[in-house]
Number of protein chains: 2
Amino acid sequence: MDDEPDEAVLEGADSLCRRLGVRLTPQRRRVLAILRASDRPLGAYEILEAMRDGARALAPPTVYRALDFLVEQGLAHKLESLHAFVGCTHPDHPHSSQFLICADCGLVTELENDAIARSLKSAASESGFEPRRPVVELIGTCAACSVKEGPR
Amino acid sequence: MDDEPDEAVLEGADSLCRRLGVRLTPQRRRVLAILRASDRPLGAYEILEAMRDGARALAPPTVYRALDFLVEQGLAHKLESLHAFVGCTHPDHPHSSQFLICADCGLVTELENDAIARSLKSAASESGFEPRRPVVELIGTCAACSVKEGPR
DNA sequence: CGCGATCCGGTAACAGTATAACGTAAACCG
DNA sequence: CGGTTTACGTTATACTGTTACCGGATCGCG
């Protein structure tokens, strides 16, 4: 059992932000830590709850601001179809990712598939469209759940 | 006053539903008409507003139920990143579509690109994932707006 | 026809997600 | 240091979507 690979990840985030010239404040770092510690996507209000400090509760904008920052820097992703957020599994380099979301067990897998990225990019440029933020989420059944439930 | 291509579209929807053995009730037909008459995605509450009949206002579930139906039959699509809905531009055959969403002017273009669909499907099956509902939305700048604003 | 099953839609209340607007403090930079 | 920008706390509120319950229409069938 590991002494937190988390801490290493967070230090990676620190150095990434230093490179980008942006500030990974304690608040933002904490939100990132919560996301990374979770094995599933978290809603903003779940994060809010996880951040509460005894009786003292934070307000939504605090968490939304931190999330905006993390998403902007590529340290986290928003899953539009779930209204939830995940920590990025490989934030070190810029990338466009895709998500496989199991409707049955909630498992989310982040892909970084070049063939998909390329086909998107080329379809967009055929229309003269300049993509900025791709949202690619496949909702379906993961391998484990397909087996469990049997082929339909 | 109307030779509206709309009426033709709605009749197409009628016959599609007959084929599918489902009922395109007046309520649902009306929501579809509103979507098709709009040149941009509409939120559920905008549709609600468009459906209001003088002083008499409908309640949200009415519209959400109609939208659920339309989306299920492929007559409309939900844009997850906008929390909004559009009428489908080619509902006649089952298809998985992709959307180009201009963050600047709001223009939304529906694509039906096989290369994208194939690359998604193959990436999914590599993971043993069985896709059911694809969500593919590219947020960026459309051709017209790219020109207007100039290359950055 | 009579009867149950099912589908559709009206209504009230509410749950969940996200933002606006405003103020204060801390960090950065000349 | 003084001015500017950035981050964060707080209140209130807007927007999006759902639960639960009910009555009426429609359909299948004996």
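Read-outs throughout are calculated quantities, based only on the coordinates presented, and are distinct from any laboratory measurement. What you see is a predicted model, and the numbers here were worked out from it, not measured in a lab. Neighbour counts run over all protein chains shown; Cβ positions are idealised from the backbone, glycine included.
By DSSP, the beta bridges lying fully in the protein assembly as shown are antiparallel in about 80 percent of cases. Take every Cα pair under 8 Å whose residues are at least 6 apart in sequence, average their separation, divide by the length of chain A, and the relative contact order is 18 percent. Over the residues of chain A, the helix contribution to mean residue ellipticity at 222 nm works out to -14000 deg cm²/dmol, using -39500 (n - 2.57) for each DSSP H run of at least 4.
Which of A:78/A:148; A:121/B:121; A:78/B:148 have a Cα-Cα distance over 26 Å? Working shown, then result.
Working: A:78/A:148 28 Å; A:121/B:121 17 Å; A:78/B:148 29 Å.
Check vs 26 Å cut-off fails for A:78/A:148; A:78/B:148.
For the stretch A:1-89, the relative contact order is 27 percent, taking Cα pairs closer than 8 Å that sit 6 or more residues apart in sequence and dividing their mean separation by the residue count.
Under the definition of Cα pairs under 8 Å and six or more residues apart, what whole-number percent is the relative contact order of the stretch A:95-152?
Details: 62 pairs, mean separation 26.2, N = 58.
Answer for the stretch A:95-152 is 45 percent.
Database remark: amide H of residue A:58 closer than 5 angstrom to the amide H of A:53 (H placed geometrically; neighbours at sequence offset of 5 or more, or on other chains; Pro and chain starts carry no H). Put simply, the amide H of residue B:107, placed in the peptide plane, has neighbours under 5 Å in B:102, leaving out anything fewer than 5 places away on its chain.
Ordering A:147, A:71, A:108 from the fewest to the most neighbouring beta carbons within 10 Å gives A:147, A:71, A:108.
Using the Cα centre as the reference, give the magnitude of the dipole from point charges on the C-beta atoms of the stretch A:81-152 (Lys, Arg: +1; Asp, Glu: -1; all else neutral), rounded to the nearest 20 debye.
Details: 6 positive and 9 negative charges, 26 e Å.
Dipole of the stretch A:81-152, to the nearest 20 debye: 120 debye.
Here the Karplus curve 6.51 cos²θ - 1.76 cosθ + 1.60, taken at θ = phi - 60°, turns the phi angles of the stretch B:13-18 into couplings of 5, 3, 6, 4, 5, 4 Hz, with x standing for Gly and Pro.
Please give the charge dipole size of chain B, origin at the Cα centre, charges +1 on K and R Cβ atoms and -1 on D and E Cβ atoms. Round to the nearest 20 debye. Spell out each step's value before the answer.
Numbers: 18 positive and 23 negative charges, 100 e Å.
With Lys and Arg at +1 and Asp and Glu at -1, about 480 debye.
Which of the three applies to the stretch B:1-100, rounded, prolate or oblate, going by the alpha-carbon gyration tensor with a ≥ b ≥ c and a/c under 1.5 meaning rounded? Present the calculation step by step, with values, prior to reporting the outcome.
Details: a/c = 1.43, a/b = 1.18, b/c = 1.21.
Verdict is rounded for the stretch B:1-100.
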